[in-house]
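**Student:** After the structure tokens below, expect a handful of questions from me.
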Amino acid sequence: KVKGSVPSQLLNHPKIKEYTLTQVSGLASNGNLAHGYNSAHAALNLAYTLGFKRVYLLGIDMGYTGGVSHWHDTSNHRVDNELVYKQMIAAFEVTAKELAQRGVEVINLNPQSKLECFKKMMYNEVLA
């Protein structure tokens, strides 16, 4: 039996944890993750769940740059419109407050990002 593209023997392995996307924003728990309408939001929720206290976001621009919505070819993928980005940003804003209350620092490494709820830095500052 396969769930999604993951063989059941992996899902049943004692070191494999399955998470379910259950809510839009905030921090989910008990094997659930908030999705925020995008994979970066779910990954941020997962980082919190795994105990990370500092998370760096890279490439999360939340809008179009030069008429392009993604860094990769989108001919076979969903292309988001501005309304979807507004929903994503609103979900991040709720989650940002909860992360700050729990002492988790999130740093956005894209200075042109429309996501303003996290501290911004340049990636070379972090690597210095």
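**Student:** Given H placed 1.01 Å from N in the peptide plane, which residues other than close sequence neighbours of Leu33 have an amide H under 5 Å from its amide H?
**Tutor:** Under 5 Å from the amide H of Leu33 lie the amide H atoms of Thr20, Leu21, Thr22, Gln23, each far enough along the sequence or on another chain.
**Student:** To the nearest 0.05, how large is the calculated FRET efficiency for Leu58 and Asn81 if R₀ is 22 Å and r is the Cβ-Cβ distance?
**Tutor:** The formula returns an efficiency of 0.40 here.
**Student:** What residues qualify as long-range amide H neighbours of Val55, i.e. H under 5 Å apart, gap of 5 or more or another chain, H built at 1.01 Å from N?
**Tutor:** Answer set, sorted by chain and number: Glu105, Val106, Ile107.
**Student:** Another question about this same structure. How do Ser29, Ser39 rank by accessible surface area computed with a 1.4 Å probe, from largest to smallest?
**Tutor:** These residues rank, largest area first, as Ser39, Ser29.
The values are calculated or read from the model by the stated rules, or taken from the named source; none is laboratory data. Here the structure is a predicted model, which is why all the values come from computation and not from measurement. For neighbour counting, all protein chains shown are included, and Cβ atoms are generated from backbone atoms with ideal geometry for every residue, glycine included. Keep in mind that these areas ignore ligands, DNA and RNA; they rest on the heavy atoms of the full protein, side chains included. Shrake-Rupley method; radii C 1.70, N 1.55, O 1.52, S 1.80 Å.
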